[in-house]
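J.: Right, I'll just put the structure down here and ask away after.
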Amino acid sequence: MQEREQFGRPIGDFQYLRFTLAEMAAKVEQARAFYQRVAHKIDAGQPCVREAAMVKLLATEMAVEVTNLGSQLHGGNGYTTERRVERYWRDARLTTIFEGTSEIQRKIIADRLLPKSSLSRSDPGRAGRCHRPARSC
């Protein structure tokens, strides 16, 4: 932000971009504090499956958001291999996929927050099937 210029001055002088950078830093620190809290629970032997899924979901999604913004702040260079931010974005995106996708993390969290009712079918393969005897379907 100190190297790129717009209207004859560094883009780091523009308030909106400074605020964007501040929000990015705050989100990184928020995720760091959360994962440290979960790591402490793990070290203490406390159950924290829900919290671990939450921190994985939030931290990886935040990493994608922040590196995407970082790429944009670099302009066209943010999408080339000349800047490290391009690699950081690819790495961040990968973290939402391996070791449990974001969708899987959401399922783990939802299942811990709201267990399924006893009325739910135990056989997910039956979803959408007719409830009448097989010969009449």
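J.: Search the structure for amide H atoms under 5 Å from the amide H of G100, placed 1.01 Å from N in the peptide plane, and list their residues when 5 or more places away or on another chain.
T.: Under 5 Å from the amide H of G100: no residue qualifies.
J.: Something else about it: Treating only the Cα positions of region 2-110 as identical point scatterers, give the base-10 log of I(q)/I(0) from the Debye formula at each q in 0.10, 0.19, 0.24 Å⁻¹.
T.: Here the Debye-derived log intensity ratios amount to -0.38, -0.98, -1.27.
J.: Ranked from highest to lowest mean number of other Cβ atoms within 10 Å per residue, what is the order of the peptides 46-58, 5-17, 101-113?
T.: Descending packing order for the listed peptides: 46-58, 101-113, 5-17.
Read the figures in this text as sums done on the coordinates, not as results from a lab. Since this is a predicted model, take the numbers as computed values, not measurements. All Cβ positions, even for glycine, are placed from backbone atoms using ideal geometry, and neighbour counts span all protein chains on display.
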